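Report on the structure given below.
The numbers here are math on the coordinates, done by the rules we state, and not lab data. These numbers come from a predicted model, not from an experiment. Glycine also receives a Cβ, built like all others from the backbone with ideal geometry; neighbour counts cover every protein chain displayed.
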């Protein structure tokens with residue numbers, strides 16, 4: 001009878017340790033994923049390089065939500081992740097400034113550059129004249 005109690009205690013402790021390990025691994029994976037997403041919010045590059053960029057026409061309507069706009073841009077191949085675009089837009093100064101219209105955007109543009117164009121702000125030129 002004592003052997004049975006010892007075995008049950010060992011099984012119970014082993015099960016508790018297994019659950020604890022699974023919780024720790026789950027928290028680690030969730031943290032790693034959240035960090036990766038947060039990092040991408042501020043560092044996501046354009047889909048293509050400037051040499052390979054392809055122009056796409058996008059029609060934005062006033063009834064379009066940020067999520068719908070992100071889905072449209074992802075469908076057109078202008079961005080990689082619509083959810084990431086929504087977060088980038090909410091954190092930017094362009095959150096409520098996107099205007100309706102037809103825009104020619106390029107796959108070589110970052111999400112921030114697309115937001116500048118769709119909010120009708122002028123893009124500052126970074127090229128110097130020689």
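Some points to look at:
- Annotation note: of 46, 120, the sole residue that is on the phi > 0 side of the Ramachandran plot, touching a residue at least 12 places away in the same chain (Cβ under 8 Å) and touching a strand residue (DSSP E or B) at 6+ places or on another chain (Cβ under 9 Å) is 120.
- Tally of residues being surrounded by 16 or more Cβ atoms within 10 Å (Cβ to Cβ) and either under 16 Å from residue 108 (Cβ atoms) or out of contact with any strand residue (DSSP E or B) (no Cβ under 8 Å at 6 or more places or on another chain) (or both) across the range 57-91: 16
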